[in-house]
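The values are calculated or read from the model by the stated rules, or taken from the named source; none is laboratory data. Fair warning: this is a prediction, and the values are worked out from it, not measured in the lab. A quick note on method: Cβ atoms are made from the backbone with ideal geometry, for glycine too, and the neighbour counts reach across all protein chains shown. To get the accessible areas, we keep the full protein, side chains included, count just its heavy atoms, and leave off ligands, DNA and RNA. Shrake-Rupley method; radii C 1.70, N 1.55, O 1.52, S 1.80 Å.
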Amino acid sequence: MDCSRARRYNPRLATWIVVAFAVLPAAPASAQVGGSKSAPHDGYWNCFGPYLDGDFRSAAKNFREAAKDGIMNLSVTTPGPWIDAICYHAMIGECHFQMGANADALDEYTAALKFFLAHRDWLLRIEMPPGIEPETNPKANVTWGKTARATVLGHYQPRYPSLTGRLDNQNVLRTGGVIAPPVYYAVYASEISRCTALAISRRRTLLGPISEYDPLTIQVVEALARLAAGSTHWSQCWIQLELGLAYAAANRMPQAINELQKSLQAAGRFDHPLTCVALLELGRIVFEQAKYEAAITYFHEATISAAYFDRYEVLEEAFRLGAEAHLLAGQKGVYAPLANATATFHRQRMLQASLLTSLSEQMLVSREFPAANAALAQARNVLGRREMASGGIGTRLNFITARTAMHAGELKAGGTALASALTYQKSSSLRLFHISLADTVFHSGGLTERLADMVFTETLREPTRTDWATSPLDTLAVLTTPHIPAYEHWFDLALARNEHEQALNIAERTRRHRFFLTQALGGRLLALRWVLEGPAEALTADATLQKQELLVKFPKYAELSKRSAELRSSLQALPIAPTDEAQSKQQQEQLAELGRVSAAQEALLQLIALERVPSELAFPPLRDTKEIQERLPDGTIV
């Protein structure tokens, strides 16, 4: 019997182990009995204290130290760290990700997936019971809502045994090589699967448009597809989860959704420790498709499933994205689950800080300003001197602080908070990372010219309605950060392909980018001025629609704009240098009022610039080569 192919628990296997140990030469007891060490080992779990407290740099250091005590595989075909290395690298990557160190995070997630590929069939070697029993004593304090899913919570062991090494080392003794005695290790199977899933999902986020062309993405899809096809045990739900995430990374969304849906239940009935991860990813996919109502449902279900298995990192992300989807769906009032969740998870610092930050934005949008300020103060208190204060959570807090200050008319305080948020965001922006990565991969030969043109078109696009709605801070970071070389390389690519009209279009976009870098907030304020005050004939249909939406959303600006127009009209009717004393007094009064109205308009523009509202970069107008040709007078050509 080849024990390396043992699929699941086999009562005969213990007999084979006894026989194997009897014929093996003497070896250290620690090499023969691996039960004292688990994968991952106990030190790994101790790292989650700092991680869940938001001390991500300290946690990364701890995970790195834990990796040094990881299990070493003695196999001739795959020597080196064993499957627990997936966990160490994935969690180091997650700590970097939370602090905005995108390149470091990508390296760690990539390392985790390479270890997965080296041991891709590890789950098939785990001895698990053939069936699942229902959980008779579920422990979760779900105070923020109820599930609409008809499901049963399953009961799972935290660890399952796995046999490594060889039962028969006689051939190695005869021919030479490394003796690998059979060793049992206790494996945290769901944790290794979770970390594999985390690495796949985060790489999709970090790679952006090039994810589907990435060689490692393709390898992971192929490996998981083969594993899923050959698996019938209840644990195949974890393979289906990973495959669904891999399909999403390859931009094969229908297949991704299908696999993720299948992965929701073990044995077609029982929720499992990673059900919440599948629900979270399904929510992300429909969120990206702007199906916000459906996203709210998925994120809500993810929070409930995560609560049963103490998956606080999933709770944080699901609540945060659920709150965002609530805003983008245009639903009235505060996202209902937040308040109860905030009271429930008051001891989990990272989760608590994120919940309070999301709650403050909900209050702000609902114009409940005292409550928004109170939530911000609580969030700052939770952050304290934790390392997350200088990471993504702290930056979200700074950005909402800036918006709250602008609403209160505190422009200086708002500007200070915005500057802090932008300083972090410029170094951690996903969009800027996508631009840099696309440029690097193209120059290293990782993308064909055709694919590079597609990727540059996507990453170097001007802000869309969706960009402003989903990530206003990141969009501001992109507008205010120079990335001229990427435009120039895109231009060179168009010339190399003899696409001269495209090259002219890219050159025009490059000039616009340079111009906007000289403007406040990368041209955002200029764009809002043009949309709201520009000549109607100069606005596109989309810009005209944006103007209508902005005046409805900000009626105060509509009032100020109307009064400004009345004052200008009245002033134009007066002489430029009136000789009549009454007219002179009237002119001075109206000029003073116009100054106050204009200052109020400008302050309101500063506020609007930070909101989740679109603004087309209407000036200077962007025209393609054909449109320019049509506007040229007779006797001239382009």
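Structure above, values below:
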quantity: Residue list for the stretch 611-626, restricted to those being open to solvent by 70 Å² or more (accessible area, probe 1.4 Å) and in a loop (DSSP other than H, G, I, E, B); calculated: Phe619, Arg623, Asp624
quantity: Yes/no for Glu316 being open to solvent by less than 30 Å² (accessible area, probe 1.4 Å) and of a type outside the set (A, V, I, L, M, F, W, C); calculated: yes
quantity: Residue, nearest to Gln601 (Cα to Cα), within the stretch 491-517, restricted to residues that are part of a helix (DSSP H, G or I) and among the acidic types (Asp, Glu); calculated: Glu508
quantity: Qualifying residues in the stretch 233-270 (those that are small (Gly, Ala, Ser) and under 18 Å from Leu153 (Cα atoms)) - the one surrounded by the most Cβ atoms within 10 Å (Cβ to Cβ); calculated: Ser263
quantity: Residue count, the stretch 463-473 (criterion: of a type in the set (Phe, Trp, Tyr) and open to solvent by 70 Å² or more (accessible area, probe 1.4 Å)); calculated: 0
quantity: The one condition in (1) assigned to a loop (DSSP other than H, G, I, E, B); (2) under 30 Å from Gln362 (Cβ atoms) that Gln601 fails to fulfil; calculated: (1)
quantity: Residue match in the stretch 211-233 (condition: at pLDDT below 95, among the polar types (S, T, N, Q) and assigned to a helix (DSSP H, G or I)); calculated: no
quantity: Pair list, Cβ < 7 Å and 6+ apart or interchain, from the stretch 144-159 residues that are within 30 Å of Asp84 (Cα to Cα) to residues that are open to solvent by 70 Å² or more (accessible area, probe 1.4 Å); calculated: Val152/Arg269; Leu153/Tyr308; His155/Glu133
quantity: Criterion violated by Ser235 - all others in (1) of a type in the set (Gly, Ala, Ser); (2) in contact with a strand residue (DSSP E or B) (Cβ under 9 Å, 6 or more places away or on another chain); (3) under 24 Å from Ser436 (Cα atoms) satisfied; calculated: (3)
quantity: Residues within the stretch 517-571 that are β-branched (Val, Ile, Thr), within 27 Å of Lys426 (Cα to Cα) and open to solvent by less than 60 Å² (accessible area, probe 1.4 Å), tallied; calculated: 1
quantity: Flag if Ala325 is in contact with a Cys (Cβ under 9 Å, 6 or more places away or on another chain), modelled with pLDDT of 95 or more, surrounded by 24 or more Cβ atoms within 10 Å (Cβ to Cβ) and under 26 Å from Ala197 (Cβ atoms); calculated: no
quantity: Meets criteria (out of contact with any strand residue (DSSP E or B) (no Cβ under 7 Å at 6 or more places or on another chain), of a type in the set (D, E, K, R), crowded, with 24+ Cβ neighbours inside 10 Å and at pLDDT 95 or above) for Arg194; calculated: yes
quantity: Condition met for Arg450 (among the basic types (Lys, Arg), open to solvent by 50 Å² or more (accessible area, probe 1.4 Å) and part of a helix (DSSP H, G or I)); calculated: yes
quantity: Filtered residue count, the stretch 518-551, keeping only those that are out of contact with any helix residue (DSSP H, G or I) (no Cβ under 8 Å at 6 or more places or on another chain), modelled with pLDDT of 90 or more and in a helix (DSSP H, G or I); calculated: 4
quantity: Within the stretch 488-506, tally of residues that are open to solvent by less than 20 Å² (accessible area, probe 1.4 Å) and farther than 22 Å from Ser615 by Cα; calculated: 4
quantity: Leading residue by the ranking (nearest to the chain's Cα centre (by Cα)) among those in the stretch 379-404 that are among the small types (Gly, Ala, Ser) and crowded, with 21+ Cβ neighbours inside 10 Å; calculated: Gly391
quantity: Residue that is under 22 Å from Phe270 (Cβ atoms) and out of contact with any Lys or Arg (no Cβ under 8 Å at 6 or more places or on another chain), where the choices are Ala250, Ala228; calculated: Ala228
quantity: Residue that is farthest from Asp42 (Cα to Cα) [pool: residues in the stretch 156-186 that are modelled with pLDDT under 85, of a type in the set (Ser, Thr, Tyr) and surrounded by 12 or more Cβ atoms within 10 Å (Cβ to Cβ)]; calculated: Thr164
quantity: In the stretch 56-108, residue modelled with the highest pLDDT [restricted to those that are among the aliphatic types (A, V, I, L, M), open to solvent by 20 Å² or more (accessible area, probe 1.4 Å) and over 20 Å from the mean Cα position of the chain (by Cα)]; calculated: Ala67
quantity: Qualifying residue in the stretch 310-320 (condition: more than 27 Å from Thr404 (Cα to Cα) and assigned to a loop (DSSP other than H, G, I, E, B)); calculated: yes
quantity: Odd one out for Leu153 among (1) in contact with a Pro (Cβ under 8 Å, 6 or more places away or on another chain); (2) open to solvent by less than 30 Å² (accessible area, probe 1.4 Å); calculated: (2)
quantity: Filter result for Ala306 (open to solvent by less than 10 Å² (accessible area, probe 1.4 Å), touching a Cys at 6+ places or on another chain (Cβ under 6 Å) and in contact (Cβ under 8 Å) with a residue 24 or more places away in the chain); calculated: yes
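Yes or no, residue by residue, for (1) part of a helix (DSSP H, G or I); (2) touching a residue at least 60 places away in the same chain (Cβ under 8 Å); (3) farther than 21 Å from His326 by Cβ:
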{"site": "Val455", "(1), (2), (3)": "yes, yes, yes"}
{"site": "Trp468", "(1), (2), (3)": "yes, yes, no"}
{"site": "Asp474", "(1), (2), (3)": "yes, no, no"}
{"site": "Ala477", "(1), (2), (3)": "yes, no, yes"}
{"site": "His489", "(1), (2), (3)": "yes, no, yes"}
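Residues are listed down the side, and each one gets a yes or a no for (1) surrounded by fewer than 21 Cβ atoms within 10 Å (Cβ to Cβ); (2) under 29 Å from Val613 (Cβ atoms):
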site: Ala419; (1), (2): yes, yes
site: Thr423; (1), (2): yes, yes
site: Leu430; (1), (2): yes, yes
site: His434; (1), (2): no, yes
site: Val441; (1), (2): yes, no
site: Gly445; (1), (2): yes, no
site: Val455; (1), (2): no, yes
site: Arg461; (1), (2): yes, yes
